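To keep things clear, I will list the structure first and then write my remarks on it.
Every read-out reported here was derived from the displayed coordinates using simple, explicitly stated rules and does not represent laboratory data. Since the structure is predicted, the reported quantities are computational estimates derived from the model, not experimental observations.
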Amino acid sequence: MYTLVSKNIKVQAFVHEASSTITYLLLEKSSGVAAVIDPAADFKILTGELDFSFCDKIKNVIKDSNYQLQWILETHVHADHVTGAQYLKSKLDGTIAIGSRIKEVQQIFSEIYNDLPNPTFDGSEFDRLLKPDQILPFGEATIRVIPTPGHTPARTAF
């Protein structure tokens, strides 16, 4: 875990070794709110089960610090790891959000993976679909949505 502290926001990076990805935890100190970016979970291929022990580490930091989870932000749909977004929401609440171009990605993936017979392609699996340059409230700070298409059309930075 790596930590960066600014005047009002503490950023912690959690390295998910199995997928070589990083989950970020932002703690807005003056308001006591938290945001998680790209929470990873583990898929056990032999049993088909999900393991959320990595998410539990992040959940415990939030709870132990008495913060309220406000945002669960996805930079894109991940092929390199399973998301832990719904798990964190079930434990701590929070709003799951992703770039609005997720609808395009859903259509592309549906064709590649022969998805459900009547897919919706409407992003309804997420609580909020984010527009380019949208500003999200985050305690006394804000989070800006920055589109960075390339990896996927919905790729977003915050």
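Which lysines, on any chain, are close to LYS29 with Cα under 28 Å apart, when same-chain ones fewer than 8 places away are left out?
Those lysines meeting the cut-off are LYS7, LYS10, LYS57, LYS59, LYS63, LYS89, LYS91, LYS131.
Could you work out how much longer the chain between ASP56 and THR95 gets when fully extended? Use 0.36 nm per residue separation minus the Cα distance between them, nm to one decimal. Write down the numbers at each step before the final one.
Values: separation 39, 0.36 × 39 = 14.04 nm, distance 1.77 nm.
Full extension from ASP56 to THR95 adds 12.3 nm.
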